[in-house]
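**Student:** Please read through the structure below; I'll follow up with questions.
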């Protein structure tokens, strides 16, 4: 048996095992990382896990737009090889950024420069299923469903396992482990369990813009299944209620369309009203694309869009044998497409930690801090933007937020007319690069100088793409070249 880091142990050594709480994406990726180093990994999931790509209980946000940026895609591929090929074979779309993107930022339309990053477009159901199926038959991983964790075993110094309850029978049991990983998402009970052990409360922060999402799936018109990704961003101070929209091509020749708005300007679910709302965004392109498109199934509404973070890495005392990652430590407004990437980067950080340090005593505190590093960058981006949408007095933008927003606005304006600025912008947006990349001489010069090009007043559509629009009566369309 090998224990961790490939180091040989004496034959008498018991097998090293981990328990992962939660069978969602964060839990599956954590299990994939752990299986590289430990002998046994058991995933505990309360709900049933579908055997086909369909919605599962406990993940209502799966019905809405989920874009997997290249950084997250590369991390998932490293943890679960073959995932990207399987996704593409199943009909997922690989879209170059910004070459296959029509994006209206608060500063105007971005030009479609050559690809520097990319995104994977597919339903969340397909993405979760592909990862799950690739791990279901892993020799070191066992998936137990219909079982809920009710607490942890051990003390404030060392977590040694988990208490369990069978959902169907109510039968109680325990499972011992060298490492317990909490990946149970927004509803994690870990703060309460740690408090019951005598540990101090975990500091939490919430930034909630109050956004409501409504999503519908449409059959793409003939020949338009590979249409570019469309994003109409909110423009605080320029357009009311933080209203925004996105169109994402997904598998099965379908378009997934999500509309968003803050209280007082929420999108409606009814088809006619849905299209009318899209027409009232900062640009009507989404409305013109879906005007004659066939809706497939009902609309889905979600108000679970708050950013919530628990600062586990700042606890002065951290019990050995415990880690928390994914939405259980930080959940983001889905509009920024960061949650899946942060979960994947957290699992990669766990993999690197075990490679370097194994399961040495008192080592999980260091691992928890490593997991938090990508969280910090994503949290800054998401909350800095969402604070600008708040109408109340809570969590108003700080002076730092406004300074960062001013810099981001200049960068986005420069990105519309300069490829160097666009490369820096998309690198940071997809979490591929640290925000310090914006301070390289090339990017900094592009941002400070700005663009000499005239800003685009219409989306940079090709003539073929233009042909899929069904113009409404609010004004003419103006086809433009992609650059």
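**Student:** Percent relative contact order of segment 248-395, based on C-alpha pairs within less than 8 angstrom and at least six residues apart?
**Tutor:** Normalised by residue count, the contact order of segment 248-395 is 18 percent.
**Student:** Treating the angle as unsigned and between 0 and 90°, give the value, to the nearest 10°, between the Cα long axis of helix 70-79 and the longest Cα principal axis of the chain.
**Tutor:** 30 degrees
**Student:** Moving on. What order, most packed first, do the peptides 172-185, 309-322, 414-427, 44-57 have when packing is the mean number of other Cβ atoms within 10 Å of each residue?
**Tutor:** Descending packing order for the listed peptides: 414-427, 172-185, 309-322, 44-57.
**Student:** Mind ranking 26-39, 200-213, 291-304 by how tightly packed they are, going by the mean number of other C-beta atoms within 10 angstrom, highest first?
**Tutor:** Final packing ranking: 26-39, 200-213, 291-304.
**Student:** Given the C-alpha centroids of segment 140-170 and segment 338-367, what is the distance between them in whole angstrom?
**Tutor:** 21 Å
**Student:** Send over the per residue convex hull volume for segment 183-291, Cα only, as a whole number of Å³.
**Tutor:** Expressed per residue, the convex hull around the Cα atoms of segment 183-291 is 145 Å³.
**Student:** Further question on the same structure: Relative contact order (percent) for the chain, with alpha-carbon contacts under 8 angstrom and 6 or more residues of separation?
**Tutor:** Computed over the chain, the figure is 19 percent.
**Student:** Sorted by average packing, counted as other Cβ atoms within 10 angstrom per residue and highest first, what order do 359-371, 249-261 take?
**Tutor:** 249-261, 359-371
**Student:** Compute the angle between helix 419-429 and the longest alpha-carbon principal axis of the chain, please, reported from 0 to 90 degrees and rounded to the nearest 10.
**Tutor:** With both axes taken from Cα atoms, the answer is about 40 degrees.
**Student:** List the relative contact order of segment 152-209 as a percent without decimals, with contacts defined as Cα pairs under 8 Å and 6+ residues apart.
**Tutor:** Taking the mean separation of contacting Cα pairs over the length of segment 152-209, I get 26 percent.
**Student:** Helix 399-415 against the longest principal axis of the chain: what's the angle in degrees, Cα atoms only, rounded to the nearest 10?
**Tutor:** Once rounded, one gets 60 degrees.
**Student:** A further question on this structure: Any idea how far apart residue 269 and residue 155 come out in nm if each label point goes 7 Å out from Cα toward Cβ?
**Tutor:** The modelled label-to-label distance comes out at 5.2 nm.
**Student:** Separate question: Sort segment 121-269 into rounded, prolate or oblate with this rule: let a ≥ b ≥ c be the square roots of the eigenvalues of the Cα gyration tensor; rounded if a/c is under 1.5, and if a/c is not under 1.5, prolate when a/b is larger than b/c, oblate otherwise.
**Tutor:** Here segment 121-269 falls in the oblate category.
**Student:** Averaged over all directions, how much area does the convex hull of the C-alpha atoms of segment 256-308 cover when projected, in nm²?
**Tutor:** 4.3 nm²
**Student:** Give, to the nearest whole percent, the P(r) tail of segment 249-338 beyond 22 angstrom, counting all Cα pairs.
**Tutor:** That fraction is 48 percent.
**Student:** Same structure again: Return the whole-Å distance between the Cα centroid of segment 222-236 and the Cα centroid of segment 239-317.
**Tutor:** Spelled out, the Cα-based centre of one part sits 12 Å from the other.
**Student:** Please work out how much length the chain gains when fully extended from residue 85 to residue 47, using 0.36 nm per residue of separation minus the C-alpha to C-alpha distance, in nm with one decimal.
**Tutor:** 10.9 nm is the gain from fully extending residue 85 to residue 47.
Every number in this text was worked out from the coordinates using simple rules, so none of it is lab data. Keep in mind it's a predicted model, so treat the numbers as computed, not measured. Ideal geometry is used to build each Cβ from the backbone, glycine not excepted, and the neighbour counts take in all protein chains shown.
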